[in-house]
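Here the structure is laid out as structure tokens; the discussion comes afterwards.
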Amino acid sequence: MTTALAIETSTTACSVALLYQGKMTRRYSEEPRSHTRLVMSMVDEVLSEAGAKLTALDVIGTTIGPGSFTGLRIGFAVVQGLAFGLDIPVLPMSTLHVMTASYCRLARAALNRESGSTRIIMPIIDARMNEFNCGCYEVNDLGFISPLIKDQLLSRSDALALVEAHKPGVIVGEGHILFPDEAVGTEGVVAVYPDAQDLLHLAIEGFQSGMAVPVSTVDLVYLRGTDAWQKRKRLRDA
């Protein structure tokens, strides 16, 4: 039986989930700018509650972006330390893919009513500077999620054009920021953050399919260059 840990810190939300002896233990918080303080205590708490030791882990699931520069670095630093120290592989996942999976779990009843069809879901994260991290995923009636495009960083106008081109059934994440002056129905735009419990399921599936990789081979996906992050950091520190 696979023992897996998932760590998700790429957005405002911070979450950790553990599967041990067939039971999931999780922690979730939407407390901005608190990931450094929360993430390791969450790891300790889920292990303690489950009665598991770090040495029992087979794989760690991690989101690699896009998302907050700082959040991604905090979470991935923890994943690197654990994976190197335990000599176990990791399962890297797109933040936008996990966000889609989180929405699907929360909206499962509605999706089940659409049995026999596929649905297009567009996850969006506000990247600031009037740009947006955008994905587009198709979900079939079995819940299988497949990307229709590569995750990409788009200007507001290009993001709106992407919405028009793919006509998603729902926009999840921070899509409301894309439509500040338009009356968009609440059913069309849903505020959802990626959750480690959904990353956990994806990590277990990937591990059992032989898709886990050494953490040394994994790079974070910022979409926007790190030079922009350094510029923003200097402005904040000024």
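Which members of the stretch 23-47 meet the condition of being outside any helix (DSSP H, G or I) and of a type outside the set (Phe, Trp, Tyr)?
Residues satisfying the conditions are LYS23, MET24, THR25, ARG26, ARG27, SER29, GLU30, GLU31, PRO32, ARG33, SER34.
For the stretch 186-205, which residues satisfy the criterion of being of a type in the set (A, V, I, L, M) and part of a loop (DSSP other than H, G, I, E, B)?
If the condition is that a residue be of a type in the set (A, V, I, L, M) and part of a loop (DSSP other than H, G, I, E, B), then ALA191, VAL192 are the ones that fit.
From the list MET24, MET1, MET40, which residue is surrounded by fewer than 21 Cβ atoms within 10 Å (Cβ to Cβ), under 18 Å from ALA77 (Cβ atoms) and out of contact with any Cys (no Cβ under 9 Å at 6 or more places or on another chain)? I'd like the intermediate steps shown before the answer.
Numbers: MET24 fails: under 18 Å from ALA77 (Cβ atoms); MET1 fails: under 18 Å from ALA77 (Cβ atoms).
Exactly one of MET24, MET1, MET40 is surrounded by fewer than 21 Cβ atoms within 10 Å (Cβ to Cβ), under 18 Å from ALA77 (Cβ atoms) and out of contact with any Cys (no Cβ under 9 Å at 6 or more places or on another chain), namely MET40.
Please work out which residue is nearest to the chain's Cα centre (by Cα), limiting yourself to the stretch 174-205 and to residues that are at pLDDT below 95 and small (Gly, Ala, Ser).
Only one residue fits best here, namely ALA191.
Whether any residue in the stretch 150-165 is in a loop (DSSP other than H, G, I, E, B) and under 12 Å from ILE121 (Cβ atoms) is what I want to check.
Let us first name the residues in the stretch 150-165 that are in a loop (DSSP other than H, G, I, E, B), namely 150-151.
Pick out the ones that are also under 12 Å from ILE121 (Cβ atoms) and you get none.
Among the residues of the stretch 150-165, not one is in a loop (DSSP other than H, G, I, E, B) and under 12 Å from ILE121 (Cβ atoms), which makes the answer no.
Scan the stretch 106-126 residue by residue and report those that are surrounded by fewer than 16 Cβ atoms within 10 Å (Cβ to Cβ) and either in contact with a helix residue (DSSP H, G or I) (Cβ under 9 Å, 6 or more places away or on another chain) or modelled with pLDDT of 60 or more (or both). If you could, list the steps in order and put the result at the bottom.
Looking only at the stretch 106-126, we keep the residues that are surrounded by fewer than 16 Cβ atoms within 10 Å (Cβ to Cβ), and these are 106, 108-110, 112-118, 120.
Residues satisfying the conditions are LEU106, ARG108, SER117, THR118, ILE120.
Looking for something assigned to a strand (DSSP E or B), out of contact with any Pro (no Cβ under 8 Å at 6 or more places or on another chain) and at pLDDT below 95 - is there at least one such residue anywhere in the stretch 216-231?
To start, the set of residues in the stretch 216-231 that are assigned to a strand (DSSP E or B) comprises none.
Checked against the condition, which is being assigned to a strand (DSSP E or B), out of contact with any Pro (no Cβ under 8 Å at 6 or more places or on another chain) and at pLDDT below 95, the stretch 216-231 yields no hits at all.
Being in contact with a strand residue (DSSP E or B) (Cβ under 8 Å, 6 or more places away or on another chain) and more than 22 Å from SER209 (Cα to Cα) is true for just one of VAL59, VAL79, VAL39. Which residue is that?
So the residue among VAL59, VAL79, VAL39 that is in contact with a strand residue (DSSP E or B) (Cβ under 8 Å, 6 or more places away or on another chain) and more than 22 Å from SER209 (Cα to Cα) is VAL39.
Inside the stretch 43-67, can you point out the residues that are closer than 14 Å to ILE7 by Cβ and open to solvent by 50 Å² or more (accessible area, probe 1.4 Å)?
Keep residues of the stretch 43-67 that are closer than 14 Å to ILE7 by Cβ, which gives 43-47, 54, 57, 59-65, 67.
Residues satisfying the conditions are ASP44, GLU45, LEU54.
So that you can scan it fast, the table gives a plain yes or no per residue for (1) of a type in the set (Phe, Trp, Tyr); (2) in contact with a Gly (Cβ under 9 Å, 6 or more places away or on another chain); (3) farther than 24 Å from ILE204 by Cβ; (4) in contact (Cβ under 8 Å) with a residue 12 or more places away in the chain:
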| site | (1), (2), (3), (4) |
| --- | --- |
| LEU47 | no, no, no, yes |
| ALA56 | no, no, no, yes |
| GLY81 | no, no, no, no |
| LEU86 | no, no, no, yes |
| MET122 | no, yes, yes, yes |
| GLU138 | no, no, no, yes |
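Among GLY206, GLY143, GLY175, which is the only one that is open to solvent by 30 Å² or more (accessible area, probe 1.4 Å) and small (Gly, Ala, Ser)? Explain how you work it out, then say what you get.
Numbers: GLY206 fails: open to solvent by 30 Å² or more (accessible area, probe 1.4 Å); GLY175 fails: open to solvent by 30 Å² or more (accessible area, probe 1.4 Å).
Of GLY206, GLY143, GLY175, the one residue that is open to solvent by 30 Å² or more (accessible area, probe 1.4 Å) and small (Gly, Ala, Ser) is GLY143.
The values are calculated or read from the model by the stated rules, or taken from the named source; none is laboratory data. Here the structure is a predicted model, which is why all the values come from computation and not from measurement. For neighbour counting, all protein chains shown are included, and Cβ atoms are generated from backbone atoms with ideal geometry for every residue, glycine included. Ligands, DNA and RNA are stripped out before the accessible areas are found, and what is left, the full protein with its side chains, is counted by its heavy atoms. Shrake-Rupley method; radii C 1.70, N 1.55, O 1.52, S 1.80 Å.
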